[in-house]
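Below: the structure, in structure tokens.
Quick note: the coordinates plus some simple rules give every number you see, no bench work behind them. Worth saying up front: this structure is predicted, and the values here are computed from it rather than measured.
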Ligand SMILES: [Zn+2]
């Protein structure tokens, strides 16, 4: 049970106040997500992880996206067992990064 008041949030949005969460930015364009009143309550209770999951993104994926500065990396596993560190695309939006990261080969590996 949330301690926040859905009725108030609804009234605010009915009055034209937009609830928009922004995250990312820096190496690529900022992500902006507008929330419904129910989602505002979810966000207040659970934080950014809640909004990420609405977008189909797990919090650890978001963290990796930030750590790689939006660079999507090659999917090849090297002889030493490590994943190839070459990039297949840079400065990806979160959506593009999720689609490409460890799903494509770099030029060296036939991409
Ligand atoms: Zn590679």
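Relative contact order of the chain: 19 percent, from C-alpha pairs under 8 Å at least 6 residues apart in sequence.
Measuring nothing but how far apart in sequence close Cα pairs (under 8 Å, 6+ apart) lie, relative to its length, region 66-111 scores a relative contact order of 43 percent. Normalised by the number of residues in region 1-56, the average gap of Cα pairs under 8 Å and 6 or more apart makes the relative contact order 32 percent.
Going by the alpha-carbon gyration tensor, a ≥ b ≥ c the square roots of its eigenvalues, is region 1-56 rounded (a/c under 1.5) or, if a/c is not under 1.5, prolate (a/b greater than b/c) versus oblate? Oblate.
Can you tell me the 0 to 90 degree angle between the C-alpha axis of helix 37-46 and the longest principal axis of the chain, rounded to 10? Around 60 degrees separate the two axes. So for the chain, Kirkwood radius off the Cα pairs, Stokes-Einstein at 20 °C and 1.002 mPa s: how many µm² s⁻¹? The Stokes-Einstein estimate is 135 µm²/s. Please report, to two decimal places, log10 I(q)/I(0) for region 66-111 at q = 0.27, 0.33 Å⁻¹ as given by the Debye formula with identical point scatterers on the Cα atoms and no solvent. With no solvent term, the Cα-only Debye profile gives -0.91, -1.17.
Cα centroid separation, region 75-111 to region 1-69: 28 Å.
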